[in-house]
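Enquirer: To start, I am sharing the structure in question, which I have written as structure tokens.
Each reported figure results from applying straightforward, stated rules to the coordinates on display, with no laboratory input. Fair warning: this is a prediction, and the values are worked out from it, not measured in the lab. Here the Cβ positions follow ideal geometry from the backbone for every residue, glycine too, while neighbour counts run over all protein chains shown.
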Amino acid sequence: MPEIPPPETPAGFEAAMDALEQLVARMETDEMPLEEALREYQRGMELVRACQTALDDAQQRIASSVDRPAAPTDTASDPNDSTKVPDIADPDDVPF
């Protein structure tokens, strides 16, 4: 049986989880011959690995987006930007 690549989309992950749940339900009926149960077990393990890989990938993507600092916005070119703080070289030069 060929190895299943990890689901690339949430829908693919959901489909793999549904297939795994159906497989487990069939295996729990105890009406399956041994050879078929072994094939289903192997298929189930492939589905588990595919789902785990997809979850690991999602976790890594979340971690990398949380760890990445936000890109600074460039407001220096907008002279009308009222949120820009003026550059002051010496605090004693403040006209108060």
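Enquirer: Can you compute the modelled spin-label distance between V24 and A11, with each label point 7 Å from Cα toward Cβ, in nm?
Expert: 2.5
Enquirer: Rank by packing, highest mean first: peptides 11-19, 58-66, with packing defined as the count of other Cβ atoms within 10 Å averaged across residues. Numbers along the way, then the final one.
Expert: Numbers: 11-19: 14.8, 58-66: 9.6.
Ranking the peptides 11-19, 58-66 by packing returns 11-19, 58-66.
Enquirer: Between A58 and Y41, 0.36 nm times their residue separation minus their Cα-Cα distance comes to what? Intermediate values should be presented prior to the final figure.
Expert: On the way: separation 17, 0.36 × 17 = 6.12 nm, distance 2.56 nm.
Difference between extended and current length: 3.6 nm.
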